[in-house]
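Data first, discussion second: the structure below is written as structure tokens.
The values are calculated or read from the model by the stated rules, or taken from the named source; none is laboratory data. On a predicted model such as this, the values are computed, not experimentally measured, just so you know. Using ideal geometry, Cβ is built from the backbone for each residue, glycine included, and neighbour counts are taken over all protein chains shown. Ligands, DNA and RNA are excluded from the accessible area calculation, which covers all protein heavy atoms including side chains. Shrake-Rupley method; radii C 1.70, N 1.55, O 1.52, S 1.80 Å.
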Amino acid sequence: EVGNGEQLYECPMCSLTCTNIQILEEHVDLHLQEHSFSEGGNIRDLELAQWLQTEEDKRQRSEEEKREREEFKKLQRQYGLDNSGGYKQQFLKNMEKEVDRGRMQPFEYHKRKADMMECLAFGIDDGKTKTSGVIEALCKYYQNENKDVKHVWLSTGVDHFHSSLGDRGWGCGYRNFQMLLSSLLQNSLYNDCLGDTTLIPSIPKIQSMIEDAWREGFDPHGASHFNNRLHGSKAWIGACEIYSLLTSLRIKCQIIDFHKPTGPMGTHPRLFEWVLRYYSTENEGGAKVMCTSKPPIYLQHQGHSRTVVGVEEKKNKTLCLLLFDPGCSSQEMQKLLKQNSDGASLKLLRKCMGSLKEKQYQIVAVDGVLSLEEKTARCHASQVLTSEKIP
């Protein structure tokens, strides 16, 4: 091959080199015409045909390899593993674009850059994408709702976090972890585990926390997928990384894998029933609105994750999940805080059976704290298997 990566083809008869196999074939045909009357022409033809076939195979192989390399690069880009920088770089790049388009004044750029650098230095989230008080507003709303909800179970208070300029397109897993953590921080049961964490960590800090869990020995298989490094990348994380992180903090949780639909038309009734059981175990009384002490649930499917903050049971017995989506802006979430809501903005949260039709779902559900011995045992177990399959 020549320096610029162009393939060269050599004529087997006169050593002329061509850059194109078609040109070479035409050139060889001329040789054949010249030699067609000479003895042994047929043998020559056979040799040449074989040679041309070998060259064609080589060319196809090299094209196949090139395609595979490009596919691999595309996958690395898609999952943020292409060394193109992480949260900080994306934040600055997106702010520069805003300034170029005249949507942000330079002084605001410098102020926001300084704020961001300070938050990253302390490892805390800047709170700019946070909406608080939604669960409390839902409790009030459901007390007065009298149309079609028979029962509703809600998580403890959860702050909603959405993706920002720094993590748009890849940050959903981290944002859902922030939501889950915002709930655990309000629950005295988890004070011991979260002693060092009183404020919500920033995305780069969460990346470092997951790397710490890997260093402790959690999920070596998953860690190797990311080359043991998340910090400074735009890497997508999923249920296994959330499980490792929570367990490393001594928070007891389980991953459950709903690996295929269990209802008609690709639906997942088993998933809905599982969530209902999770929320209703501690409040099986007849009250219509149950504001439970249960943390929210992390819900993953291919390419996106959300947070389950409650479940409705309608008068006709159908179930709907209530989901916080990191893709939903705080302006939209604010609508849920208004009193006397007619429930229209609940469309943002309410997902009934027909809306969840991905092939597979995974959930991570928190359920208490671990002793140091239990944590060590789970660390060893994660080196073999981290998910329980629902048959």
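Return the total of residues in the range 109-140 being farther than 24 Å from Thr156 by Cβ and of a type in the set (Val, Ile, Thr). The number of residues fulfilling the criteria is 0. The C-beta contact set for the range 191-216 (first residue closer than 14 Å to Gly127 by Cα, second residue open to solvent by 20 Å² or more (accessible area, probe 1.4 Å) and assigned to a loop (DSSP other than H, G, I, E, B), distance under 7 angstrom, 6+ apart or interchain) comprises Ile200/Asp125; Pro201/Asp125; Ser202/Asp125.
Residue by residue through the range 223-235, note down the ones that are under 24 Å from Arg306 (Cβ atoms) and surrounded by fewer than 21 Cβ atoms within 10 Å (Cβ to Cβ). Step through it out loud before you land on a result.
Narrowing the range 223-235 to residues under 24 Å from Arg306 (Cβ atoms): 225-226, 230, 233-235.
Correct list: His225, Phe226.
For Gly102, the stated conditions do not hold, so it cannot be described as out of contact with any Lys or Arg (no Cβ under 9 Å at 6 or more places or on another chain) and within 30 Å of Met290 (Cα to Cα).
I'm checking my understanding of the structure. Among residues of the range 112-129 that are among the acidic types (Asp, Glu) and part of a loop (DSSP other than H, G, I, E, B), which one is most open to solvent (accessible area, probe 1.4 Å)?
Residues of the range 112-129 that are among the acidic types (Asp, Glu), as a first pass: 115, 118, 125-126.
Those left that are additionally part of a loop (DSSP other than H, G, I, E, B): 125-126.
Working: Asp125: 24, Asp126: 59 Å².
In this case the residue turns out to be Asp126.
When the range 248-271 is examined, which residues are found to be buried (at least 21 other Cβ atoms within 10 Å of the Cβ) and farther than 28 Å from Thr376 by Cα? Correct list: His268, Leu271.
Scanning the range 302-323 for residues being in a strand (DSSP E or B) and more than 15 Å from the chain's Cα centre (by Cα) gives a total of 12. The criterion of being open to solvent by 70 Å² or more (accessible area, probe 1.4 Å), outside any loop (DSSP other than H, G, I, E, B), under 26 Å from His151 (Cβ atoms) and without any contact (Cβ under 8 Å) to a residue 12 or more places away in the chain does not hold for Lys335. Kindly indicate whether Ile210 is out of contact with any Ser or Thr (no Cβ under 8 Å at 6 or more places or on another chain), under 24 Å from Pro326 (Cα atoms), in the same structural domain as Lys375 (by the TED database) and modelled with pLDDT of 95 or more. In short, no. Say we look at the range 358-391 and pick out the residues that are modelled with pLDDT of 95 or more and farther than 18 Å from Leu246 by Cα; which of these is least open to solvent (accessible area, probe 1.4 Å)? By that ranking, first place goes to Tyr361. The combined condition, being more than 24 Å from Gln302 (Cβ to Cβ), open to solvent by less than 10 Å² (accessible area, probe 1.4 Å) and out of contact with any Leu (no Cβ under 7 Å at 6 or more places or on another chain), is fulfilled by Ser182.
For the range 59-77, the set of residues classified as open to solvent by less than 100 Å² (accessible area, probe 1.4 Å) and at pLDDT below 70 consists of Leu75, Gln76, listed by residue number. The set of residues in the range 93-111 that are open to solvent by 100 Å² or more (accessible area, probe 1.4 Å) and either within 30 Å of the chain's Cα centre (by Cα) or among the acidic types (Asp, Glu) (or both) comprises Lys93, Asp100, Arg101, Arg103. Asp100: modelled with pLDDT of 95 or more, outside the structural domain of Asn316 (by the TED database) and acidic (Asp, Glu), yes or no? Criteria met by Asp100.
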